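The block underneath contains the structure these notes are about, expressed in structure tokens.
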Amino acid sequence: MKRSLASLTLLLLSGCQPSPHETQPPAPPSAAVTVAGPWLRATPPGAPVAGGFLTLHNGTSADDRLLAVESAAAQRVEIHEMRDEGGVARMRELVDGLPLPAGTTAELKPGGHHLMFIQPTRALPAGERVDATLVFERAGRMPVVFEVRPLGAAAPHH
């Protein structure tokens, strides 16, 4: 009886194992989209814009895209790029967002890709913190806090 029960158990358990011909669901990504060093340049009262900077890393195996940034600290936030066209620096909004291919890092920094906080709702003095939400195509909504750095800042303090 014991032998029959053991054989039956082994038979049932062997039926639970996938055959080598069955496909397995993809493994979850080993990492996520991460954000490092979000900061804004301080603004005087009435400034029409504030520059925002950060580093994004897509540690997943799927391409993603930063679609939007939302913040109550400005009327709107745009994703911009700077280009050198014939020796003239030109800035333009990336209306389709910022691509973030799988396994890559994108640095949004002065003179390159950056965020423009359009029509800040108030002056942003150095030392303040500004809440925002990054909206990704795949990773979804991600809350971040920007540190406001002095007007001439080139990078965040480490």
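Quick check: is even one residue across the stretch 49-65 modelled with pLDDT of 95 or more, β-branched (Val, Ile, Thr) and in contact with a Leu (Cβ under 8 Å, 6 or more places away or on another chain)?
Looking through the stretch 49-65, at least one residue is modelled with pLDDT of 95 or more, β-branched (Val, Ile, Thr) and in contact with a Leu (Cβ under 8 Å, 6 or more places away or on another chain).
Hey, can you tell me all the residues within the stretch 66-101 that are over 21 Å from Phe136 (Cβ atoms) and within 16 Å of the chain's Cα centre (by Cα)?
Those that are over 21 Å from Phe136 (Cβ atoms) and within 16 Å of the chain's Cα centre (by Cα): none in the stretch 66-101.
With at pLDDT below 90, farther than 21 Å from Glu137 by Cα and of a type in the set (D, E, K, R) as the only criterion, which of Arg41, Arg3 stands out?
Within the list Arg41, Arg3, the selection yields Arg3.
The values are calculated or read from the model by the stated rules, or taken from the named source; none is laboratory data. Please read all numbers here as calculations on a predicted model, not as lab measurements. Heads up, the Cβs are rebuilt from the backbone with ideal geometry, glycines too, and the neighbour counts pull from every protein chain shown.
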